[in-house]
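Single-structure report; data block below.
The values are calculated or read from the model by the stated rules, or taken from the named source; none is laboratory data. On a predicted model such as this, the values are computed, not experimentally measured, just so you know. Quick reminder, even Gly has a Cβ in these numbers, built from the backbone with ideal geometry, and neighbours come from all protein chains shown.
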Amino acid sequence: MTARDQGPPDDGRPAPRPGGGGRQAQRAERREAILEAAMELISERGYRRTSLAAVAERAGLTQQGLLHHFPTKELLLVAVLEARDRWDLAWAVAASGAGSTDTLAQLVDYNATRPGIVQTYTVLSADSVTEDHPARSFFESRFRSVRASMAEALRAEYGDALPGGLTPERAAPLLVAVLDGLQLQWLLDPDDVDMPGAFRDFLALLEDGERRSGRPAREPDEG
């Protein structure tokens, strides 16, 4: 099974392009093949046991050829996470047209099927807090973007004030912390931590807080 086969239905990943198109198109295709190979191997072997040599072999390249595109393993892994974010975003937009907590719950379901990718994200995000880490700028930018997206999703569902009077902007970092904290606990103890169930429990707390505030809870999505 390839990395493409593991995503949600219609996951938004670009369809393979026909050959040709010149050197730049060939370079883009090789880069995409490397990312696909890395995603597959991380899913099969985990973060630590995925080597550049193995990725190069899976992608049909020499290791030197791979290093032409990604000089270090850290840069390759950051590119894998960037690709994952693009594919997940494309799928989320296709699924709901906009960010929502329901879509987030579906992505949590999907992440529970790819522990290697979640492990890569968790390890790199923790390592990136050190000075001059190659992934630091990626995670700084990513967290800013994710907080903004979370605030937008929360505002769309709960308005300008959540239970307790929090604004969506103040609640967004808490939502990110729940998601990332659940991932860490799940990676350490997957038999005891039901990550998708726990995230839905958290959403239920928001819904309960909404009812207690005297405002009607949102209508469940149809379909």
**OP:** Test each condition in (1) buried (at least 19 other Cβ atoms within 10 Å of the Cβ); (2) out of contact with any helix residue (DSSP H, G or I) (no Cβ under 8 Å at 6 or more places or on another chain); (3) not in a helix (DSSP H, G or I) for Thr50 and report the one that comes out false.
**Re:** (2)
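Out of Arg170, Arg142, I need the residue that is more than 20 Å from Val80 (Cβ to Cβ) and part of a helix (DSSP H, G or I). Which one? Working first, answer last.
On the way: Arg142 fails: more than 20 Å from Val80 (Cβ to Cβ).
When all the criteria are applied, what remains is Arg170.
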Original post:
Out of the range 20-47, which residues are in a helix (DSSP H, G or I), farther than 18 Å from Thr72 by Cβ and among the small types (Gly, Ala, Ser)?
Top reply: Gly22, Ala25, Ala28, Ala33, Ser43
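Tell me which residues, restricted to the range 122-151, are under 26 Å from Ala79 (Cβ atoms) and more than 16 Å from the chain's Cα centre (by Cα).
At the first step, the residues of the range 122-151 found to be under 26 Å from Ala79 (Cβ atoms) are 122-150.
Answer for the range 122-151, where residues must be under 26 Å from Ala79 (Cβ atoms) and more than 16 Å from the chain's Cα centre (by Cα): Asp127, Ser128, Val129, Thr130, Glu131, Asp132, His133, Pro134, Arg136, Ser137.
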**OP:** Could you please let me know if Leu175 is out of contact with any Pro (no Cβ under 8 Å at 6 or more places or on another chain) and of a type outside the set (D, E, K, R)?
**Re:** yes
Original post:
Scanning for something under 16 Å from the mean Cα position of the chain (by Cα), at pLDDT 95 or above and assigned to a helix (DSSP H, G or I), does the range 198-210 turn up at least one residue?
Top reply: yes
Original post:
Hey, Glu157 hits all of (1) outside any helix (DSSP H, G or I); (2) closer than 15 Å to Leu203 by Cα but one; which does it fall short on?
Top reply: (1)
Original post:
Conditions: (1) modelled with pLDDT of 90 or more; (2) within 20 Å of Arg31 (Cβ to Cβ); (3) touching a Pro at 6+ places or on another chain (Cβ under 9 Å). Ala105 meets all but one. Number of the miss?
Top reply: (2)
